[in-house]
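Trainee: Have a look at the structure that comes next, please.
The values are calculated or read from the model by the stated rules, or taken from the named source; none is laboratory data. Bear in mind that the values here come from a model prediction, so they are computed numbers and not experimental data. Heads up, the Cβs are rebuilt from the backbone with ideal geometry, glycines too, and the neighbour counts pull from every protein chain shown.
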Amino acid sequence: MININILKPTSANFQTYLYIGSGLILISIFDVFLRSFFNLNFSTSLPGILNFFLPLIIGLIGFQMIRLEYSGNRIVDKINQSVNNNTFNAGLTLVIIFLTLLVIPPALNWMIFEATISGDTKEACATTEGACWTYIKVWFRRFMYGMYPNDFHWRINTAFIALIGFAFVGYFMRGKLKNYITFYYAIFYPIIAFIIINFLISGGSFGLEWVETNAWGGLSLTFIVSFFGLIFCFPLGMILALGRRSELPVIRYISIGYIEFWRGVPLITVLFMSSVMFPMFLPSDAFVDKLIRVIAAIILFEAAYVAEVIRGGLQALPRGQYDAAKSLGMSYWKMQIFVILPQALKLVIPGIANTFLALVKDTPLIFVVGLSEVVGMLQMAKTNPKWLGYAMEGYIFASILFWAICYAMSKYSQYLELKYKTDR
Amino acid sequence: MNHRIKSIVPQLLTLLFVVAVIGFFTINAQLNMDERGIDFGYGFLSQESSFDVQFSLIEYDGSHSYAKAYLVGLLNTILVSVLGIIFCTIIGVIVGIARLSPNYLIRNTAAWYVEFFRNVPLLLQIFFWYYAALRALPLPENTEPLFGVTYLTVKGYYIPRFIWENFDILIYSILAAVISIVFIRNYARKLQEEKGQQLPVLLISVGIILIFPAITFVTGMVQLEVALPVLKQLSKTSFIYAEGLSVPPELLALVLALSLYTATFVAECVRAGVQGVSKGQKEAAASIGLTPNQILKLVVMPQALRIIIPPTTNQYLNLTKNSSLAAAIAYPDLVLVFAGTALMQTGRAIEIVSITMLTYLTLSLAISLLMNWYNKKIAIKEK
């Protein structure tokens, strides 16, 4: 063991140690900074491995020199506590700082400084090494609306605005109307949504031209699929959860069988089933649209997961709640609707949110049946002979898009969790 | 009487509903198949498949049967899942512990990793690795070796291949080592309980597991040769590395995406588990004089594992099911080989989709049963 007591500060000589230590840390960071930004390396005369690790060694010595339990200087104390409490942590800190310095400049260069966004053709990007955001700009409408005819994009926009508008109606239901709020969201709203999407986006009547579902696509299709998935899989999942907790054996076993079956198979095989096997199960003259089949498959699939989450909430409720409700003479449904479910659902908000997030993240899988939402459109754009070679830009764009949607959803669920937290 | 009717009527109605739905589907399927002149049956499994699969763990070509093609797909699925599970556990545990680190930078880096990778659809991540990241790798002839003997190229990852002689003897020696370690552990436990003496069990175990296989090498019973990848010219512009083992880029992309995605969930399970052990437990352990290592080994880990293992197994199951996304980048897994190519050729939708789903169902149910059994075993016995 090497004795490194010489590097250990005491409170008497801490000032000197602090100056030398922080100087060394700054030198090490500055060295990596020069290597990364200006490609300068001052220690090339040293042997390769020493040259490579030199900043790390200098930085570690620097951190060693400023490590003191209580120094009196607030900033130094904070650094010592959070990133410098032992040699291992100091090393990791340095590695993270160095990696950031090494990764950020090329990434920024590629994404911003050398990137192109002007022009409408591939030629605009030919001159630079950076990202070609022109590609995203040109294809933006396709990524949002799929192959839906350009002239009719206003129909999709109007439909979504209307859907959001109707979703907010609940906020304005006051007084007597407030009793019907659940009824509105559970039954009335899905019907309105279906009518809007059927007449406005699909068209075919009221002078609107009919657009077949094959042409739908892009982010709007992601929204449509996840929207119907969300509003229908929730009630189905609730019924299944109650069924699984039921005292009636037939209902219980059917629910268990249903849930375990759907949870045991991958979604992709379910979608396969909906596209190749399901038509065999219908009368030969019956025709169900591909999109409806896919949405139905997703609903049936996700309902099993929702059911398991809600069951967790039901099990977490103390028995006393059931006993109290029964002793008041409530019937089974009254007990569930007014006492059990409101409390259980409140408990499982994070779980439900996770299931919904999974649903949104699963929508790209509908490529199996030939529908293309954002990721599907990316694959289509990527193979377009005019725009070969810009796969990376597309994937980064879509990742940021999905990340933003999912992150917003998870933050909203955390807000809801806090809002409905009633106990202490 | 009233009560009995009340409980029988809903059950009867549900049963009737389920039977009606199933009956409706079966009758329609029967009619449809009669109309198209197909007969239901699994006889096609023994027919010649006459399609090739690019990547197979067992010997297979077009002259083999559909059943063999199914086996090829299943083995490829299992390969991806096992590799994914190993890597996602390693990454997940590291990230999960990093999220609890006192170091501000490490904690937040880990948190950002989790927040980013789990909020991007898995399919997108698979596409990213396969079509963007791995396509940026150099051609075989321009590749610099990685770790000296492996080559990461756009055509796949070439690694050395081990050629064993008498491999089974090595396996037996390892088995013998494991069995003797179990005996020694039991003996050590007995010794401690009866006389209070402690044996250096870990040291002895490591010694045995190294020495036993080493003996087989020294005596020359087992021999090992390493075949390094060598650059080989196929045509004027096309090169590959021969001799060694080649990992196709599809498998690489899939394992990368699956393990990086699932690791975020494993990391959250690990974090929850370690946080779930109450502080009092650690303090109590410290106050009866256990060393920090003993506290971790005897008090914290047994309790944390009880919280960590059930949700983590769930994640492993998810990973196995998600591996079916392989079909999107043409990695020949069960879904692509069987529910894709074989279905196209035979047109037997019902049989093939049902077999595929049943396979996944069996895998999942087997793992859940195992889990339930394990959960019962480790549950704290409370009044």
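Trainee: Quick one: is B:I367 assigned to a helix (DSSP H, G or I), away from chain A (no Cβ under 13 Å) and among the hydrophobic types (A, V, I, L, M, F, W, C)?
Mentor: The answer is no for B:I367.
Trainee: If you don't mind, there's one more thing I want to ask. Taking region A:380-424 as the search range and keeping residues that are among the basic types (K, R) and within 12 Å of chain B (Cβ to nearest Cβ), which one is surrounded by the most Cβ atoms within 10 Å (Cβ to Cβ)?
Mentor: That would be A:K382.
Trainee: Find all pairs meeting these conditions: Cβ atoms under 8 angstrom apart; at least six residues apart or on different chains; first residue within region A:266-285 and within 7 Å of chain B (Cβ to nearest Cβ); second residue assigned to a helix (DSSP H, G or I) and of a type in the set (K, R).
Mentor: A:P266/B:K321
Trainee: Out of A:V309, A:V288, A:V250, which single residue is assigned by TED's automatic domain parsing to the domain that holds A:S220, buried (at least 18 other Cβ atoms within 10 Å of the Cβ), over 24 Å from B:K321 (Cβ atoms) and not hydroxyl-bearing (S, T, Y)?
Mentor: A:V250
Trainee: Which one is modelled with the lowest pLDDT, of the residues in region B:311-335 that are more than 18 Å from the chain's Cα centre (by Cα) and more than 10 Å from chain A (Cβ to nearest Cβ)?
Mentor: Checking each candidate, the answer is B:A330.
Trainee: Tell me whether region A:203-220 contains one or more residues that are touching a Leu at 6+ places or on another chain (Cβ under 9 Å), touching a residue at least 60 places away in the same chain (Cβ under 8 Å) and within 14 Å of another protein chain (Cβ to nearest Cβ).
Mentor: So far as region A:203-220 goes, yes, one or more of its residues are touching a Leu at 6+ places or on another chain (Cβ under 9 Å), touching a residue at least 60 places away in the same chain (Cβ under 8 Å) and within 14 Å of another protein chain (Cβ to nearest Cβ).
Trainee: May I ask you to list the residues in region A:137-194 that are polar (S, T, N, Q) and under 24 Å from the mean Cα position of the chain (by Cα)?
Mentor: A:N157
Trainee: Restricting region B:31-69 to residues that are within 14 Å of chain A (Cβ to nearest Cβ) and either at pLDDT 85 or above or not in a helix (DSSP H, G or I) (or both), which is surrounded by the fewest Cβ atoms within 10 Å (Cβ to Cβ)?
Mentor: Checked region B:31-69; the qualifying residue surrounded by the fewest Cβ atoms within 10 Å (Cβ to Cβ) is B:G37.
Trainee: Working carefully through the options A:I164, A:I201, find the one that is at negative phi, touching a helix residue (DSSP H, G or I) at 6+ places or on another chain (Cβ under 8 Å) and part of a helix (DSSP H, G or I).
Mentor: Within the list A:I164, A:I201, the selection yields A:I201.
Trainee: Shifting gears a bit: Going by the conditions given, is B:L358 more than 8 Å from every other protein chain (Cβ to nearest Cβ), assigned to a helix (DSSP H, G or I) and within 25 Å of B:L124 (Cβ to Cβ)?
Mentor: For B:L358, the condition - more than 8 Å from every other protein chain (Cβ to nearest Cβ), assigned to a helix (DSSP H, G or I) and within 25 Å of B:L124 (Cβ to Cβ) - is not met.
Trainee: Hey, another quick one. Run A:R142 past the list (1) within 24 Å of A:F397 (Cα to Cα); (2) out of contact with any helix residue (DSSP H, G or I) (no Cβ under 8 Å at 6 or more places or on another chain) and report the number of the one that doesn't hold.
Mentor: (2)
Trainee: Can we say B:F217 is in contact with a Ser or Thr (Cβ under 9 Å, 6 or more places away or on another chain), modelled with pLDDT of 75 or more and surrounded by 10 or more Cβ atoms within 10 Å (Cβ to Cβ)?
Mentor: No: the conditions fail for B:F217.
Trainee: Can I ask one more? Only one of these is exposed (fewer than 12 other Cβ atoms within 10 Å of the Cβ) and at pLDDT below 70: A:I75, A:I49, A:I6. Name it.
Mentor: Exactly one of A:I75, A:I49, A:I6 is exposed (fewer than 12 other Cβ atoms within 10 Å of the Cβ) and at pLDDT below 70, namely A:I6.
A quick yes/no check of all residues on (1) more than 30 Å from A:Y258 (Cα to Cα); (2) not aliphatic (A, V, I, L, M):
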| site | (1), (2) |
| --- | --- |
| B:I8 | no, no |
| B:T14 | no, yes |
| B:F24 | no, yes |
| B:I27 | no, no |
| B:R36 | yes, yes |
| B:Q47 | yes, yes |
| B:S65 | yes, yes |
| B:L75 | no, no |
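Trainee: Would you confirm, using the coordinates I've provided, whether B:A304 is buried (at least 18 other Cβ atoms within 10 Å of the Cβ), aliphatic (A, V, I, L, M), in contact with a Leu (Cβ under 6 Å, 6 or more places away or on another chain) and in a helix (DSSP H, G or I)?
Mentor: Considered against the rule, which asks whether it is buried (at least 18 other Cβ atoms within 10 Å of the Cβ), aliphatic (A, V, I, L, M), in contact with a Leu (Cβ under 6 Å, 6 or more places away or on another chain) and in a helix (DSSP H, G or I), B:A304 comes out as no.
Trainee: I'd like to know if region B:169-176 contains one or more residues that are outside any strand (DSSP E or B), among the small types (G, A, S), more than 30 Å from B:P138 (Cβ to Cβ) and touching a Phe, Trp or Tyr at 6+ places or on another chain (Cβ under 8 Å).
Mentor: Within region B:169-176 (the criterion being outside any strand (DSSP E or B), among the small types (G, A, S), more than 30 Å from B:P138 (Cβ to Cβ) and touching a Phe, Trp or Tyr at 6+ places or on another chain (Cβ under 8 Å)), the answer is yes, since at least one residue qualifies.
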